[in-house]
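Read through the structure below, which is laid out as structure tokens, and then see the notes.
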Amino acid sequence: MNSLLLTGGRVIDPANRLDNVADVLILDGKVAAIGADAAVKAPKAVQRLDVSGRVVCPGFIDMHVHLREPGQTAKESIATGTASAARGGFTTVVCMPNTNPAIDNASAVALVHERADRAGVVNVLVTGAISKNLGGDELAPIGSLKQAGVVAVTDDGHCVQNNELMRRALEYAKMFDLPILDHCQDTSMVSDGVMNEGYWSVLLGLRGWPSSGEEMIVVRNILLAEATGATVHCQHVSTAGSVKLIREAKKRGISISGETCPHYFTLTEAAIAGGSKFWETDGKDLFHAPKMPEWPSYDTNFKMNPPLRSAADREAVIEGLADGTLEVIASDHAPHCDFEKEVEFDYAPFGIIGLESEVGLSLTRLYHTGKLSLADLISKFTISPARLLRLKKGTLSIGAEGDVTVLNVDKEWVFEGDKTASKSKNSPFSGWPLKGRAVATVVAGKVVFSEAKN
């Protein structure tokens, strides 16, 4: 078994309200001691890691990742996806079921578990589909999926449009104490939209995707959560209206929660006109928008689902993170082959990679700007997703799993999208200067990534 002594680090564990310099001892894959006792209890032969000047946290959890296995390993595999996660500081990833075939039965769950045990370098947790083959017509066997070991059910990449079916899914999920994660998209409203509906979609001549296409499903989920008492988690929230709806529902005691992704609190729709540099200099104000560049970028790495929204939406998302309305930050890591993205904007697939840029963007845009304290930001990656998914993770309590993320919150670096461990390179943030990153990742007492080694 794996044992490790981390010395001299600033330990921040939001679950236990811990924030002080202390040693951390992991024995046989479990947290054994924190503080003065750690060095005393450490065996002489234990591996030691000096983390002085660094922040030591519970292992980070990304609860929204597409590993693409089985069936789409040209884009990503469990081996490459988990290697990317380790480099990004994540000790646990939760993979989505929209693979080929979909993870909608116990055999598919067992296959992913087997491959993750063999090839994964971090913990891989599996979600099952809400409906068979993600078709939205017939419920998947939720009880069998639970027995097979899924931690939640979702039709991510799709959204159940049949409200009666969704109600039954919530009732079954409650019986088995499973949260439902929902990709909020009313397909009749969204239709064939490819970017946010508004000023920029008109100027760029691209089909618009209205905010209401997300918000109508958020309302549906709130009503069904209230009616059934089940837990519903709204994935990749992107609009001000969705944040407001979730905030008000939580005040009424409804079991609803939300997550967002770094691109929604960093970018705006204006980026599609001229790339990230254009957004940085000119695209902040929707109502005093600049002239469109002579050659709009139409960069398909800015195409994601849901789409980048307005500056007002971005500010609302940040406010939702700050006041706890949005409890989780996740990457929605969605790798695609280069040739799939190298087409006209209309025809490119939605999605970007994010495992290795996520922590840096969050520290840069939220912590270093004073929007969130370091403890609050860390909680979005640790105890919040752990509680939502009913996991015994996200804490450094004695006896907890020895998963640790070590941060250098002041390190200045440049994210290079073409040098990630992922098979895919579809990121809009390549070349971005960032401040703060993970410098070591420990899973069950084993160092699976260290900046010094890499």
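Side notes on the structure shown:
- Residue among ALA316, ALA330, ALA375 that alone is among the aliphatic types (A, V, I, L, M) and out of contact with any strand residue (DSSP E or B) (no Cβ under 9 Å at 6 or more places or on another chain): ALA316
- Counted residues, region 260-280 - those being out of contact with any Asp or Glu (no Cβ under 7 Å at 6 or more places or on another chain), modelled with pLDDT of 95 or more and not hydroxyl-bearing (Ser, Thr, Tyr): 2
- In the set (1) over 20 Å from the mean Cα position of the chain (by Cα); (2) farther than 15 Å from PHE449 by Cα; (3) in a strand (DSSP E or B); (4) not aromatic (Phe, Trp, Tyr), LEU49 fails one condition alone, (2).
- Qualifying positions in region 111-145 - more than 20 Å from LYS174 (Cα to Cα), touching a helix residue (DSSP H, G or I) at 6+ places or on another chain (Cβ under 6 Å) and not in a loop (DSSP other than H, G, I, E, B): ARG115, ALA116, ALA119, VAL124
- Scoring THR239 on the criteria (1) within 22 Å of the chain's Cα centre (by Cα); (2) modelled with pLDDT under 95; (3) not basic (Lys, Arg) leaves a single failure, condition (2).
- All told, ALA79 falls short of being within 22 Å of VAL151 (Cα to Cα), assigned to a loop (DSSP other than H, G, I, E, B), among the small types (Gly, Ala, Ser) and in contact with a helix residue (DSSP H, G or I) (Cβ under 9 Å, 6 or more places away or on another chain).
- Selection status of ALA15, among the small types (Gly, Ala, Ser), under 19 Å from ASP376 (Cβ atoms), modelled with pLDDT of 95 or more and surrounded by fewer than 20 Cβ atoms within 10 Å (Cβ to Cβ): yes
- Considering (1) among the charged types (D, E, K, R); (2) surrounded by fewer than 24 Cβ atoms within 10 Å (Cβ to Cβ); (3) more than 17 Å from ALA438 (Cα to Cα); (4) at pLDDT 95 or above, the lone condition that ASP299 does not fulfil carries the number (4).
- If you go through region 82-94 and keep only what is in a helix (DSSP H, G or I), out of contact with any Asp or Glu (no Cβ under 6 Å at 6 or more places or on another chain) and not hydrophobic (A, V, I, L, M, F, W, C), you end up with just THR82.
- Counting only helices (runs of 4 or more DSSP H) wholly contained in region 325-399, the ones carrying 1 or more residues that are within 30 Å of ARG17 (Cβ to Cβ) occupy 358-362, 374-381, 383-388.
- Tally of residues being within 19 Å of LEU125 (Cα to Cα), over 16 Å from the mean Cα position of the chain (by Cα) and without any contact (Cβ under 8 Å) to a residue 24 or more places away in the chain across region 372-413: 1
- Only residues that are closer than 15 Å to GLY320 by Cα, of a type in the set (Val, Ile, Thr) and part of a helix (DSSP H, G or I) were counted across region 219-246, and they come to 2.
The values are calculated or read from the model by the stated rules, or taken from the named source; none is laboratory data. Note that the coordinates shown come from a computational prediction; the quantities given were computed from them, not determined experimentally. Neighbour counts run over all protein chains shown; Cβ positions are idealised from the backbone, glycine included.
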